[in-house]
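S.K.: Below: one structure in structure tokens.
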Amino acid sequence: MIKDFAMLSISTFKARKMRSLLTMMGIFIGVALLVTLVSLGRGLEDSITQQFESLGTDKIYVFPGTNMFSAAISDQTFSESEFNALEKIKGVKLAAGMVFRIGRIEYNDEVKYVSIVGIPLDEKREVFKSVHNMKVEQGRDLKNGDKYKALAGIDLTLKDIVFSKGLRPGDKVIVEGQDFDVAGALARIGNPDDDSMLLIPLGTARELFNQEDSYGYILLQAQEGALPKAIAESAEKKLRSIRNLDEGDENFSIQTTDDLMETFADILAIVQAVLLGLAAISLIVGGIGIMNTMYTAIIERTRQIGVMKAIGATNWHIALIFQIESGLLGLAGGIVGVLIGMGIGKLIEFAAHSANLTFFNVSFPLWLIVGALSFSTILGIVSGVLPSMQAAKMKPIDALRYE
């Protein structure tokens, strides 16, 4: 019986193709938004998690300013004495201090401004290299004794990305008015900022930017078995003591890898909540569209309802017919919406990869597909409740007399 009712509903859709399509439009737009936004959010969350996991959970990041985002534009630095104090904290295996600035570089009569990072050339640089997943792909790495040598990010070496003619090992580049030789080029890291940076020796960077005996930020690596969270707390107390600051008045920030992951997760959750709210509004509009269509269908099929009741159809049968019809409208809209959403997600992934954001991949977990189809179907069924009740309550004689 249910199969017969479903086939009756499908034949109705075929007879009113345009109206059925317009009715489903609100549903599949909402579902497409839902699938696209959730898949992008999940993909971004998975990508960020993978990036942080590759860094290792034994790192502690010490930034000037109130948070990691202000560090890039902050004029505050850490002194040599502060660095030495942090290096001596119990549980710290290695400490590495860096200098980073947005600086002027000139090559082949072109002037660009990129991130210039001064890194130590001893064993401490391994901490920095592991965090940024850096590998030398061409030429050689920086080594002790280098002064005016540089490593170029991959985007600096490619044609028409930063320079019209890419840098190569052996080329000369002018950094803040000083000639440098390009010693090597890095493999792709995965994000534009890192892939367009220029690495130079720490001592040289301090001279260029007049930043003697100071660091732009500090990385700490915990010893095996030591708790990064405990080291971060000790580092915070140490810097507060040195700077004579009260708790809550810190002009620096210290975060572990787990802290950074939580920060990004919170930001993503807020953004996703807002965007999903917009998708929910579209779905509600789609549900109202289904309800409106079902009321119209009842008016058009009043005599048919009267005939069905006259030959023995019960109120439950009539209500079920319209409930199945509204549910199928929701399901069909959901299927189209899922396909559109997956298509849009893949297009955004392709665009991200084309823009060298290779770390970004969308994710379509099974629960998202099943959930979206279930939600659209239930929304269709709920939208058909009131119209189906109205159809079921019709009296056979009144329905047959309807013109």
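Computed from the coordinates by the stated procedures, all read-outs in this text should not be read as laboratory data. Everything quoted here is computed from the prediction, not taken from an experiment. Positions of Cβ are backbone-derived with ideal geometry, glycine not excepted, and every protein chain shown enters the neighbour counts.
S.K.: Tell me, in nm to one decimal, what length is gained between Arg104 and Trp316 on full extension, where the rule is 0.36 nm per residue of separation less the Cα-Cα distance?
M.R.: Working: separation 212, 0.36 × 212 = 76.32 nm, distance 7.72 nm.
Full extension from Arg104 to Trp316 adds 68.6 nm.
S.K.: Using a 10 angstrom cutoff on alpha carbons, build the Gaussian network for the chain and name the most mobile of Gln221, Gln50, Gln304.
M.R.: Gln304
S.K.: Which of Leu208, Val99, Val111 sits closest to the plus end of the dipole of the chain, meaning its Cα is farthest towards the positive end, when Lys and Arg get +1 and Asp and Glu get -1 on the C-beta?
M.R.: Result: Val111.
S.K.: Enumerate the calculated ³J(HN,Hα) couplings along segment 334-339 in order (Karplus 6.51 cos²θ - 1.76 cosθ + 1.60, θ = phi - 60°), each rounded to whole Hz, writing x wherever the residue is Gly or Pro.
M.R.: Values per residue, Gly and Pro as x: x, 4, 4, x, 4, 5 Hz.
S.K.: For Asp258 and Tyr148 in the same chain, what is the full-extension length gain: residue separation times 0.36 nm, less their Cα-Cα distance, in nm?
M.R.: Numbers: separation 110, 0.36 × 110 = 39.60 nm, distance 3.65 nm.
Between Asp258 and Tyr148, full extension yields an extra 35.9 nm.
S.K.: Net charge around Gly177, counting only other residues with Cβ within less than 12 Å of its Cβ (Lys, Arg = +1; Asp, Glu = -1)? Can you show the working numbers first?
M.R.: On the way: positive: Arg104; negative: Glu106, Glu176, Asp179, Glu207.
Residues near Gly177 contribute -3 overall.
S.K.: Under a crude label model (7 Å from the Cα following the beta-carbon direction), how far is Val307 from Tyr113 in nanometres?
M.R.: About 7.7 nm, to one decimal.
S.K.: A further question follows. What residue among Gly216, Gly312, Gly337 shows peak mean-square fluctuation when the chain is described by a Gaussian network model with Cα springs under 10 Å?
M.R.: With Cα springs under 10 Å in the chain, the top fluctuation among Gly216, Gly312, Gly337 is at Gly312.
S.K.: How far apart, in nm, are the 7 Å Cα→Cβ label points at Leu268 and Met389?
M.R.: In this crude spin-label approximation the distance works out to 4.2 nm.
S.K.: Could you list Leu86, Leu21 in order of exposure, starting from the residue whose Cβ has the fewest other Cβ atoms within 10 Å? Don't jump to the answer; show the numbers that get you there.
M.R.: Details: Leu86 25, Leu21 14.
Ranked by crowding around the Cβ, least crowded first: Leu21, Leu86.
S.K.: Give me the orientation-averaged projected area of the Cα convex hull of the chain, in nm², one decimal. Provide the component values of the computation, followed by the final result.
M.R.: Details: hull surface 108.7 nm².
That works out to 27.2 nm², a quarter of the Cα hull's surface.
S.K.: State which entries of Lys90/Lys124; Lys143/Lys238; Lys165/Lys346 exceed 22 angstrom in Cα-Cα distance in the structure shown. All intermediate terms of the calculation are to be shown ahead of the outcome.
M.R.: Details: Lys90/Lys124 17 Å; Lys143/Lys238 32 Å; Lys165/Lys346 31 Å.
Violating the 22 Å Cα-Cα cut-off are Lys143/Lys238; Lys165/Lys346.
S.K.: How long are the three semi-axes of the equivalent ellipsoid of segment 77-250, in whole Å, if each is the root of 5 times an eigenvalue of the C-alpha gyration tensor, listed from largest down?
M.R.: Details: eigenvalues 208, 58, 38 Å².
Semi-axes from the Cα gyration tensor: 32, 17, 14 Å.
S.K.: Further question on the same structure: For segment 207-273, which GluC sites (Glu not before Pro) are both in a DSSP coil and crowded by at most 12 other Cβ atoms within 10 Å?
M.R.: Numbers: sites: Glu207, Glu212, Glu224, Glu233, Glu236, Glu247, Glu250, Glu262; in loops: Glu212, Glu224, Glu247, Glu250.
Answer in residue order: Glu212, Glu224, Glu247.
S.K.: Using 0.36 nm times the number of residues separating Val370 and Ser130, minus their current alpha carbon distance, what extension gain do you get?
M.R.: On the way: separation 240, 0.36 × 240 = 86.40 nm, distance 3.94 nm.
Answer, rounded to one decimal: 82.5 nm.
S.K.: In deg cm²/dmol and to the nearest 500, what is the mean residue ellipticity at 222 nm of the chain if only DSSP H runs of at least 4 residues count, each as -39500 (n - 2.57), divided by the residue total?
M.R.: Values: 15 runs with 228 residues, N = 403.
Computed mean residue ellipticity for the chain: -18500 deg cm²/dmol.
S.K.: For segment 106-189, which GluC sites (Glu not before Pro) pass both filters: DSSP loop (anything but H, G, I, E, B) and at most 10 other C-beta atoms within 10 Å?
M.R.: Answer by residue number: Glu123.
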